[in-house]
Amino acid sequence: MNFYCYKSNLFLFTTLLLIGFVFQSCNDDDYYEPDLSTVPEARDTTGVEKVVHENGMVVYIHQEGEGSFTVSDRDQVLVRYTGRLTDGGIFDSSWIDDRTTPREFDLQTTIKGFLLGMEGMKEGGIRTLVIPPSIGYGAQPPRGSFGFVQIPPDATLIFEIELVAIRD
């Protein structure tokens, strides 16, 4: 076997080996599955003060919060939250993978129901928002974050939120 043939076979073998690694890394066994064991259980809303909006959204107020500032539609907020479907499936959470770090949002970039449900909250406040599709994601095709359940079209969304801070 001459050197050129050996070099060509080595190149072919290396290429096939790399392709095998690429396909192996796409294997379903390597699929990221978020650790939801640290996500708090859904809060009981029995007997909790609630506000029903004209658009069908229901806001349960578990804890009022403190301070003289309240959330307005132009604020950035720091929140801990979990988003669930009515069947209990989690589609997003700030509590995944043993993290309790709150996430920051510009309320102008969230769905209308999340924005409306947070308006008037004070730091330390805790609410459960039941958001109808008309002010959620509506009839959009299924959507979701990697590793979570997908949000189907016309889904009612349930968010449990704790307002940690209002940012300027």
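The values are calculated or read from the model by the stated rules, or taken from the named source; none is laboratory data. Just so it is clear, the structure is predicted and the values come from calculations on it, not from any experiment. Neighbour counts run over all protein chains shown; Cβ positions are idealised from the backbone, glycine included. Heads up: the accessible areas ignore ligands, DNA and RNA and are worked out on the full protein's heavy atoms, side chains in. Shrake-Rupley method; radii C 1.70, N 1.55, O 1.52, S 1.80 Å.
Of all residues being part of a strand (DSSP E or B) and free of Cβ contacts under 8 Å to residues at least 60 places away in the same chain in the range 122-168, which is farthest from residue 34 (Cα to Cα)? Just the residue, please.
123
Which residues, counting only those in the range 92-145, are over 15 Å from residue 163 (Cβ atoms), at pLDDT 95 or above and of a type in the set (A, V, I, L, M, F, W, C)?
130, 131, 135
Among the residues of the range 68-121, what is the count of those that are within 18 Å of residue 151 (Cα to Cα), open to solvent by less than 30 Å² (accessible area, probe 1.4 Å) and assigned to a strand (DSSP E or B)?
The number of residues fulfilling the criteria is 8.
Tell me which residues, restricted to the range 51-81, are over 15 Å from residue 125 (Cα atoms) and in contact (Cβ under 8 Å) with a residue 40 or more places away in the chain.
53, 55, 56, 57, 58, 73, 75, 76
Can you name the residue in the range 122-161 that is among the charged types (D, E, K, R) and in contact with a Pro (Cβ under 8 Å, 6 or more places away or on another chain) and is also most open to solvent (accessible area, probe 1.4 Å) among such residues?
Only one residue fits best here, namely 154.
When residue 158 is evaluated against the numbered criteria (1) closer than 20 Å to residue 74 by Cα; (2) out of contact with any Phe, Trp or Tyr (no Cβ under 6 Å at 6 or more places or on another chain), which criterion, by number, is the only one it fails?
If we test residue 158 against (1) closer than 20 Å to residue 74 by Cα; (2) out of contact with any Phe, Trp or Tyr (no Cβ under 6 Å at 6 or more places or on another chain), just (1) comes out false.
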